1. If you scan segment 76-97, which residues turn out to be more than 10 Å from the ligand (Cβ to nearest atom) and either open to solvent by 20 Å² or more (accessible area, probe 1.4 Å) or in contact (Cβ under 8 Å) with a residue 40 or more places away in the chain (or both)?
2. Can you tell me which residue in segment 40-69 is farthest from LYS186 (Cα to Cα), limited to those that are assigned to a strand (DSSP E or B) and in contact with an Asp or Glu (Cβ under 9 Å, 6 or more places away or on another chain)?
3. So how many residues does segment 42-59 have that are free of Cβ contacts under 8 Å to residues at least 40 places away in the same chain and hydrophobic (A, V, I, L, M, F, W, C)?
4. Exactly one of these conditions fails for GLU2: (1) in contact with a helix residue (DSSP H, G or I) (Cβ under 8 Å, 6 or more places away or on another chain); (2) at pLDDT 95 or above. Give me its number.
5. Give all pairs with beta carbons closer than 9 Å in which a residue from segment 156-171 that is hydroxyl-bearing (Ser, Thr, Tyr) and more than 9 Å from the ligand (Cβ to nearest atom) meets a residue that is modelled with pLDDT of 95 or more and open to solvent by less than 20 Å² (accessible area, probe 1.4 Å); count only pairs at least 6 apart in sequence or on separate chains.
6. Anything in segment 45-59 that is out of contact with any Pro (no Cβ under 9 Å at 6 or more places or on another chain) and under 22 Å from ALA147 (Cα atoms)? List them, or say none.
Amino acid sequence: PEDGPLSGRHVLVTAGPTHEPIDPVRYIANRSSGQQGFAIAAAAAQLGAQVTLVAGPVNLPTPPGVDRVDVESAREMQEAVKRALPADVAIMVAAVADWRTKDVATSKLKKRGSAPPVLMLTENPDILATVGATPALKPKLLVGFAAETDKVIEHAQEKRKRKGADWIVANDVSFDARGRSVMGGKSNTVHIVTAQGVEHLPEMPKDMVAMALVERIAHALV
Ligand code: C5P
């Protein structure tokens, strides 16, 4: 690893969506490019951390110096996270699917000759909340993300407490005045919500958001 303010620290990052299978060829998923999480993993490695990146299905190259574990579903992601712990810092950026299909068909569902299938869903584990509620797993600094469309800070502060996170990085994912969404875009506007208050960062490219966040994390650890 590089020499820097996070030298000797293990940083765990989750990124991307999860895919929850319906049958061997179909799935349900959240919308997530994985860009922000990958940028955070890259920034932590640049500051000297040993980084484990648990990634859902995305089309992104592994950042230099990062150990990557690829997973598909939320339950696989949770298992990979537990295996990767302990860590000094965990940053949960993944857009984990809240539900999975209750019964996964072992052969492809047929379209012809039958009514459309009805999907029965069941709740996925909340990985962030599980780590936040388990002292044996909880890193020194636990950071969650929250994509919100309204009352962004209020909801983030509530989420921070409910999930046992130290910080929540909130971003407003409602469409901007020009009708653009941060989803899949190159830049992001985030607010870092902690027990002490809120820091509002200006709109920046996702790699600059990543470095700003990771610098604050390095500072908080000393
Ligand atoms: O509740 P919500 O999905 O908005 O919370 C977002 C935060 O919780 C993110 O940090 C996300 O990675 C994490 N999360 C998780 N497991 C879930 C759902 C969300 O780790 N099943």
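1. GLU76, GLU79, LYS82, ARG83, ALA84, LEU85, PRO86, ALA87, ASP88, VAL89
2. Narrowing segment 40-69 to residues assigned to a strand (DSSP E or B): 50-55, 66-69.
Filter once more, so that each one left must be in contact with an Asp or Glu (Cβ under 9 Å, 6 or more places away or on another chain): 50-55.
Values: GLN50: 26, VAL51: 23, THR52: 23, LEU53: 20, VAL54: 21, ALA55: 19 Å.
Filtering first and then ranking leaves GLN50.
3. 0
4. Exception for GLU2: condition (2).
5. Every condition considered, no pair remains.
6. Passing the criteria: VAL54, ALA55, ASN59.
Quick grid of which residues meet (1) closer than 22 Å to LYS138 by Cα; (2) in a strand (DSSP E or B); (3) of a type in the set (Gly, Ala, Ser):
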{"site": "ASP3", "(1), (2), (3)": "no, no, no"}
{"site": "VAL11", "(1), (2), (3)": "yes, yes, no"}
{"site": "SER32", "(1), (2), (3)": "no, no, yes"}
{"site": "GLY37", "(1), (2), (3)": "yes, no, yes"}
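This table checks each residue for (1) open to solvent by 30 Å² or more (accessible area, probe 1.4 Å); (2) within 22 Å of VAL209 (Cα to Cα); (3) hydrophobic (A, V, I, L, M, F, W, C).
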{"position": "ARG9", "(1), (2), (3)": "yes, yes, no"}
{"position": "PRO21", "(1), (2), (3)": "yes, no, no"}
{"position": "ALA29", "(1), (2), (3)": "yes, no, yes"}
{"position": "ALA39", "(1), (2), (3)": "no, yes, yes"}
{"position": "ALA43", "(1), (2), (3)": "no, yes, yes"}
{"position": "GLY48", "(1), (2), (3)": "no, yes, no"}
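The values are calculated or read from the model by the stated rules, or taken from the named source; none is laboratory data. In this text, all values refer to a predicted model and were calculated from it rather than measured experimentally. We place every Cβ from the backbone using ideal geometry, glycine too, and count neighbours over all the protein chains shown. Ligands, DNA and RNA are stripped out before the accessible areas are found, and what is left, the full protein with its side chains, is counted by its heavy atoms. Shrake-Rupley method; radii C 1.70, N 1.55, O 1.52, S 1.80 Å.
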